[in-house]
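Shown next, in structure tokens, is the structure this report addresses.
All of the numbers you see were taken from the coordinates with simple rules; none came from a lab. Fair warning: this is a prediction, and the values are worked out from it, not measured in the lab. No Cβ is skipped: glycine too gets one built from the backbone with ideal geometry, and neighbour counts run over all protein chains shown.
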Amino acid sequence: MNKAFLLAAAALGAIASLPAHAATIFVGSWTVDQGPSWSGSPPNGPLAYTGQEAAALLFGGTASDYAISTVDNLVANINNMAWYSVIGYSGNQGNGGSLLAENYSSKYLGQFYGPTSGFASQDPGAAASAYVSDNALGVRFTNYAFRIDKVPAVPEPGTWMMMLVGFGALGASMRRRRAEPRVSVSFG
């Protein structure tokens, strides 16, 4: 019985150790300026979002569920970058938008795109958001969102066979054990 049990346990262990595969699919896009107006929530401004946070807000889930691209809607072209507006800054691309990492975070008071007055002009480190109507205007500042779904791995046919053989041997061993005559000893 020990060999059969070990074989079954090895098969189950092999299945449990299989890595999950990620299926990445395009879920949608948005332009940075589709977000709330930068001056619409004085004095701190609207909430600021990383590219991944904006995708979670718009398409559901959590920020870590997403990869962002500025290229197009093809999985092969994901560049893990996002377009942002940076308050008071004309952008690091010279066109109003800043191309930054998908998870880039610079927020006033840790959460806002502001302040709406008294901000420093042309400060590339000022509050940034991938979802706010400010400097990055128009379709050239489109962010493409891809959801990364974790799909459990499917065991290889050899793993299934090893598991079936192990369970079969375990069952046969148990049947043999039941068929063995029992000897009872009484004292007294």
- Item | Label-reachable residues, the stretch 57-96, where backbone N falls under 20 Å from a point 7 Å from Gln111's Cα toward its Cβ | 57-64, 87
- The relative contact order of the stretch 21-151, taking Cα pairs under 8 Å that sit 6 or more residues apart, comes to a percentage of 43 percent
- Query: Sorted from fewest to most neighbouring beta carbons within 10 Å, what does the list Tyr113, Tyr104, Tyr89 look like?
  - Reply: Tyr104, Tyr89, Tyr113
- Message: Can you compute the charge dipole magnitude of the stretch 21-151 about its Cα centre, using +1 on each Lys and Arg Cβ and -1 on each Asp and Glu Cβ, nothing else charged? Give it in debye, rounded to the nearest 20.
- Response: 40 debye
- Pop out the Kirkwood hydrodynamic radius of the stretch 21-151 from its pairwise C-alpha distances, inverse of mean 1/r, in Å to one decimal. 14.4 Å
- With a sphere of radius 11 Å drawn around the Cβ of Ser129, what net charge do the other residues whose Cβ falls strictly inside it have (Lys, Arg +1; Asp, Glu -1)? -2
